[in-house]
Each structure stands twice: as C-alpha cells, then as structure tokens.
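For reference, the structure discussed in these notes is given below.
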Amino acid sequence: MHAIFKREVKAYFYSPIAYVLTGLFIFISSIFFLQNLFGQIGTFNDNLSSMALVLLFIIPILTMRALAEERKNGTEVLLVTSPVSVWGIVMGKFLAALFMLLVMVVITFIYPLILVAFGGALTVQLVGGYIGFILMGASCIAVGIFASSLTENQVVAAVIGFISLLTMWLIDFIANFSGGLFAQILQWFSIISRYNDFSRGILSLSPVVYYLSFIGVFLFLTVRVIEKRRWSQG
C-alpha cells in the first residue's frame with residue numbers, strides 16, 4: 001500500500017492537473033475569504049461551507065484517473081496480480097488523493113491566521129468546521145475512487161463522480177421539502193446534514209462514525225468491482 005501511495009502522490013505532482021486544481025481551490029477560497037474579511041460573510045466557518053460546494057467539481061477530476069487510467073493502459077492486471085492486495089491498492093490510491101486534498105486545505109490555514117491578525121479568534125467551531133470539511137472531502141474522494149473503478153474513460157469517471165456527489169448533495173434539499181420516514185431516510189444518505197453539526201461547532205462521535213462508515217462502504221464497493229472484473233476475466 002505504501003508503494004502505491006508514493007507512486008500516486010508522485011503522479012499527482014508530475015501532472016499539471018494537481019497544480020491547476022490546487023490553484024483553482026485557493027483562488028475560489030480567496031474570493032470567499034475576501035467576502036469574509038469585508039463583512040459579507042459572518043464567520044470563517046461560513047467560508048468552509050461555501051468551499052464545500054467546490055468539492056463537487058474538484059474531487060471528481062482529482063480522482064478520475066485513479067483506476068480508470070490503470071484499466072485503460074492495461075496495468076490494472078499487473079496491479080491485481082502483484083503482492084499488494086486489492087484493498088492495499090484501493091487504500092493507496094484513496095490516501096494519495098486524500099493527501100492532495102489535505103495539501104489544499106492546509107494552505108487555507110493562512111486565512112484564519114489573517115483574521116486573527118485583524119482581531120479575530122481561533123474557536124472550537126473553526127476546528128470543528130475543518131474536521132468536518134476534511135471528513136466530507138474524504139467521503140467525496142471515496143465516491144470518486146469508486147466512480148473511477150467503473151470505467152476506463154477518465155472523463156466518464158469524472159462525470160459519474162460529479163453526478164453521484166451532486167445527487168447526494170441534493171438529497172438534503174429534497175429531505176427538507178419532505179416529511180416523515182421518507183425525509184429521515186433521505187437525510188441518512190446526506191453527507192451535508194452531518195457537516196452542518198461540525199460547522200456549528202458540535203463535535204460528536206455520531207457524524208465522525210457516519211463519515212468513516214460512508215468511506216468504508218464505497219471503498220469496499222470499489223474492491224468488489226475490481227475483484228469481480230478480475231474473476232470475470234479469468
């Protein structure tokens with residue numbers, strides 16, 4: 001797994017996509033930050049909530065090549081027959097994409113520090129907002145990795161990932177207009193409703209377990225897709 005992780009991280013830094021996505025993320029984050037600085041947004045947690053929407057576009061592009069490229073180039077067979085388990089392969093690729101997301105997030109730490117210099121304060125709500133943002137981003141990455149395992153076309157993988165994440169995003173809005181048991185079921189599948197607790201500074205175990213379970217389910221589905229394809233090909 002460690003070898004897969006190192007290889008994928010190097011591939012990200014050797015590719016212009018990583019720099020373009022990082023630059024885009026920082027550019028949009030800066031726009032939200034300036035709105036915060038001039039009083040058009042209440043707190044930096046509101047910035048994080050707005051930045052979360054950017055994940056819908058960045059994550060599918062970040063993860064689209066993870067497994068689709070291996071399948072297109074014919075190297076997937078070499079991977080699954082290597083000493084590394086399928087789980088190790090999937091986890092290595094997941095952690096590499098998560099590492100890239102963390103690099104983007106760490107750069108944004110400068111914004112709260114600037115607010116502190118202008119008289120603001122670092123709060124528990126801010127810490128909770130960042131924890132929730134990272135967990136939600138990791139969940140989106142798991143969906144993107146799964147989408148990449150379904151096809152050998154990177155563009156198709158990105159589209160599948162985007163549509164899947166957009167659907168999960170809209171579920172929360174649909175649930176707000178529904179009622180009863182149906183609304184509760186929809187909210188269970190919503191990755192946004194759990195993030196709202198973090199953005200309000202409510203640090204509880206339940207949303208953390210939910211996000212970790214969500215990640216585990218999609219990584220498991222990814223492993224099953226690869227294993228099924230391997231056995232079907234003999």
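The values are calculated or read from the model by the stated rules, or taken from the named source; none is laboratory data. Quick caveat, the model's predicted, so the values are computed rather than measured. Neighbour counts are summed over all protein chains in view; Cβ atoms, including those assigned to glycine, are modelled from backbone coordinates with ideal geometry.
Under the condition of being of a type in the set (D, E, K, R) and at pLDDT below 90, which residue from segment 219-234 is nearest to Ala138 (Cα to Cα)?
Glu227
Against the numbered list (1) under 24 Å from Leu98 (Cα atoms); (2) surrounded by fewer than 19 Cβ atoms within 10 Å (Cβ to Cβ), Pro207 comes up short only at (2).
Would you be able to say whether some residue in segment 5-18 is within 27 Å of Tyr195 (Cα to Cα) and either surrounded by 20 or more Cβ atoms within 10 Å (Cβ to Cβ) or modelled with pLDDT of 85 or more (or both)? Yes, because at least one residue in segment 5-18 is within 27 Å of Tyr195 (Cα to Cα) and either surrounded by 20 or more Cβ atoms within 10 Å (Cβ to Cβ) or modelled with pLDDT of 85 or more (or both).
Would you please name the residue that is modelled with the lowest pLDDT, looking only at residues in segment 98-112 that are β-branched (Val, Ile, Thr) and surrounded by 14 or more Cβ atoms within 10 Å (Cβ to Cβ)?
Keep residues of segment 98-112 that are β-branched (Val, Ile, Thr), which gives 103, 105-108, 110.
With the extra rule that they be surrounded by 14 or more Cβ atoms within 10 Å (Cβ to Cβ), the set shrinks to 103, 105, 108.
Values: Val103: 94, Val105: 93, Thr108: 89.
Among them, the one singled out is Thr108.
Is at least one residue of segment 109-130 touching a residue at least 40 places away in the same chain (Cβ under 8 Å) and under 20 Å from Val223 (Cβ atoms)? Taking every residue of segment 109-130 in turn, none turns out to be touching a residue at least 40 places away in the same chain (Cβ under 8 Å) and under 20 Å from Val223 (Cβ atoms).
Of all residues in segment 19-70, those being of a type in the set (Phe, Trp, Tyr), modelled with pLDDT of 85 or more and farther than 24 Å from Gln154 by Cα number 1.
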